[in-house]
Amino acid sequence: MHVPTFMRTPLIEDASEFDVALVGVPYDGAVTNRPGARHGPREVRNASTMMRAIHPTTRVNPYERIRVGDGGDVPFTRVYEPEAAHDDIEQFIAGFNRQRVLTLAVGGDHSITLPVLRGLVSDGPVGLIHIDAHTDTWDEFMGSRYNHGAPFRRAVEEGLIDPARTIQIGIRGAQDSTEGWDYSAASGMRVVPMHEVTQSGVEAVAEEALRIVGSGPTYLSFDIDSIDPAYAPGTGTPEIGGLTSVEALILLRALRGVELMGADVVEVAPPFDPTGGTSLIAATVLYELLCLVAEGDESPEGGEA
Ligand code: MN
Ligand code: MN
């Protein structure tokens, strides 16, 4: 069947034939201001049709190591309350997890990471590499504890992530309260503000990230607003002074060896970027995540693709 899938991979019909599912999560009902990320998965699929296979620095072809397919979009049944939409997301992700298929999710606003983690984590908290302009450890906003500024606070409370094995990279921008920053620090997360990334360099930051998450299972969440809006304006809450696109690539490549049990790229809001450049960056980030998984894969199934 020919439909425009992520990376032109086969559409997954029988998950038992795959190692990795690229999954769309077209939900933006939990944003604080500008919606649009519900259109992210479609445009990232579109931009990803240009992606090629062999990695430019490692020369590894991830598709020769692992069986990768497009798992489709989360089929939402209830989108008007975040908690209900999050249940839909969790059930869909858990379905792949039960069949031991690793999921790489494309959002969607950042609230989706909480139900993705719920669908993936069953035995104890995992490590987290979180690349974002914002800590997303705020609490309630306008009556909801499940807004896109809160997922990692909820994830700590629910025992899904271990704050001592969490690093947040690229944090910047003014806020109306310090509550989220305070929560990250008090919970024991390592917060690397963007000015420190610039001073230390992304390779040193990646080295520290690998040290902090250690050898255990780790989730990686990439908010596209970590990248400077000069490169990626298509997002709901842009903050200037961010990563360049090449810094983002070098950062991700320097994370080789991390034991990823899942990852996402979120907050791609194509209506704010008619050039399509933001979606191309997101598609490339997705490819780099796929390469991290492929090169970290040591299971007996690896290489049978
Ligand atoms: Mn975020
Ligand atoms: Mn953000």
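Each value in this text was obtained by applying a stated rule to the coordinates, not by laboratory testing. In this text, all values refer to a predicted model and were calculated from it rather than measured experimentally. Neighbour counts run over all protein chains shown; Cβ positions are idealised from the backbone, glycine included.
The modelled label-to-label distance between Tyr80 and Arg8, using points 7 Å beyond Cα along the C-beta direction, is 4.3 nm.
A DSSP coil position with no more than 10 other Cβ atoms inside 10 Å describes the following chymotrypsin sites (Phe, Trp or Tyr not before Pro) in segment 15-90: Tyr80. Remark: spin-label model distance Asp182-Ala53 equals 5.4 nm, labels positioned 7 Å along the Cα→Cβ axis. Annotation for segment 164-227: GluC sites (Glu not before Pro) lying in DSSP loop with at most 15 further Cβ atoms inside 10 Å of their Cβ do not exist. Taking only the alpha-carbon positions of segment 137-212 and ignoring solvent, what does the Debye formula give for the base-10 log of I(q)/I(0) at q = 0.17, 0.22, 0.25, 0.28 Å⁻¹? The Debye formula, applied to the Cα set alone, gives -0.69, -1.05, -1.21, -1.33. For segment 192-305, the mean projected area of the C-alpha convex hull, equal to one quarter of the hull surface, is 7.5 nm².
Amide H to amide H, with H built 1.01 Å from N, Thr166 comes under 5 Å of Leu128, Arg190, counting only residues 5 or more places away or on other chains. Once backbone amide H atoms are built at 1.01 Å from N, Asp136 has no partners under 5 Å, excluding neighbours fewer than 5 places away on the same chain. Please work out the C-alpha center-to-center distance from segment 140-206 to segment 39-86 and express it in whole Å. That distance is 25 Å. GNM remark for the chain: springs join alpha carbons under 10 Å apart, and the peak mean-square fluctuation among Pro217, Pro274, Pro62 falls on Pro274.
Spin-label pair Glu207-Asn61: with each label point 7 Å from Cα along the Cα-Cβ axis, the two points sit 3.4 nm from one another. Of the residues Val31, Ile54, Pro4, the one whose Cα sits farthest towards the positive end of the charge dipole of the chain is Ile54 (charges of +1 on Lys and Arg Cβ, -1 on Asp and Glu Cβ, taken about the Cα centre). Take the alpha carbon gyration tensor of the chain, find the square roots of its eigenvalues, order them as a ≥ b ≥ c, and report rounded if a/c is under 1.5; if not, report prolate when a/b exceeds b/c, else oblate. Judged from the Cα gyration tensor, the chain comes out rounded (a/c under 1.5). Estimated from helical segments only, the mean residue ellipticity of the chain at 222 nm is -10000 deg cm²/dmol, where each DSSP H run of four or more residues counts as -39500 (n - 2.57). Placing a label point 7 Å from the Cα of Gln199 along the Cα-to-Cβ line, the residues of segment 158-176 whose backbone N sits under 15 Å from it are 170-172. Think of segment 6-296 as having a plus end and a minus end, set by charges on the Cβ of Lys, Arg, Asp and Glu; of Pro125, Phe141, Gly95, Gly95 sits farthest toward the positive end of this dipole.
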